[in-house]
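Accompanying notes for the structure given below.
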Amino acid sequence: GAVVSQHPSWVICKSGTSVKIECRSLDFQATTMFWYRQFPKQSLMLMATSNEGSKATYEQGVEKDKFLINHASLTLSTLTVTSAHPEDSSFYICSGGQGQNYGYTFGSGTRLTVV
Amino acid sequence: GNSVTQMEGPVTLSEEAFLTINCTYTATGYPSLFWYVQYPGEGLQLLLKATKADDKGSNKGFEATYRKETTSFHLEKGSVQVSDSAVYFCALSVNTGNQFYFGTGTSLTVIP
């Protein structure tokens, strides 16, 4: 079946540094990638939607200059958390697919801790 | 708006016990409803889904019925196993681009 490989699975970084999270679709072409974030004891919340070759669409309240999304190819999308702060510590997960009729596949998630 | 309210955990059950995880939703339009499961160290996996009222989704002994009148999609299993220990997420999706709205997740631990 369709697999989305997400890495790293966990990362610890210092405040002020940047962290890149990658999601690769291994056996299909992901025309759309969703990026979600989950704070402790809260729901997974959509951060942004990206379509291959175009700029990402960010949800209200998500800083596009802080959370840089690149979806330059049909098999790779990246989320870069720039100038990370402790409040960015969260669980980030991607979901990729080919459109409504084909379903979407989730990555395994990345636990980010900023110290 | 669209939202999902899910029973809080954690839930701890003995093997072969009956499981219910409650899920209710609000939605604009006519949503599809899902249960996803996340085993330790793995991504979210689709467990079951239902796309219209009174549909029953089922998989691996789990089932849930789309109840429009009560806006609910409760997950049930008659006899849980240790291997069912995971986090379970209730979710809905409306037609606009397949964005998902998730509940907070319920952690289930099944003890022998």
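Observations on the structure shown:
- Elements of type strands (runs of 3 or more DSSP E) contained in the range A:48-115, each with 3 or more residues being surrounded by 18 or more Cβ atoms within 10 Å (Cβ to Cβ) and within 12 Å of chain B (Cβ to nearest Cβ): A:90-97, A:104-106
- Here B:Pro40 meets the list (1) part of a strand (DSSP E or B); (2) within 14 Å of another protein chain (Cβ to nearest Cβ); (3) free of Cβ contacts under 8 Å to residues at least 60 places away in the same chain almost entirely, failing just condition (1).
- Residue in the range B:62-77 that is in contact (Cβ under 8 Å) with a residue 24 or more places away in the chain, over 27 Å from A:Gln42 (Cβ atoms) and small (Gly, Ala, Ser) present: no
- Strands (runs of 3 or more DSSP E) fully within the range B:44-112 that include at least 1 residues being of a type outside the set (Phe, Trp, Tyr) and touching a strand residue (DSSP E or B) at 6+ places or on another chain (Cβ under 8 Å): B:44-50, B:56-59, B:62-65, B:75-77, B:86-93, B:106-111.
- Hey, A:Ala2 over 18 Å from B:Gly105 (Cα atoms), in a loop (DSSP other than H, G, I, E, B), within 16 Å of the chain's Cα centre (by Cα) and not aromatic (Phe, Trp, Tyr) or not: no
- Of the listed requirements (1) within 13 Å of chain A (Cβ to nearest Cβ); (2) farther than 26 Å from A:Arg37 by Cβ; (3) of a type in the set (A, V, I, L, M, F, W, C), B:Val94 misses just one: (2).
- Per the conditions (1) in a strand (DSSP E or B); (2) under 25 Å from A:Asn51 (Cα atoms), the sole criterion not satisfied by B:Tyr30 is (1).
- Residues in the range B:47-82 that are crowded, with 17+ Cβ neighbours inside 10 Å and of a type in the set (A, V, I, L, M): B:Leu47, B:Leu48, B:Ala50, B:Ala64, B:Leu75, B:Val80.
Every number in this text was worked out from the coordinates using simple rules, so none of it is lab data. Everything quoted here is computed from the prediction, not taken from an experiment. Glycine also receives a Cβ, built like all others from the backbone with ideal geometry; neighbour counts cover every protein chain displayed.
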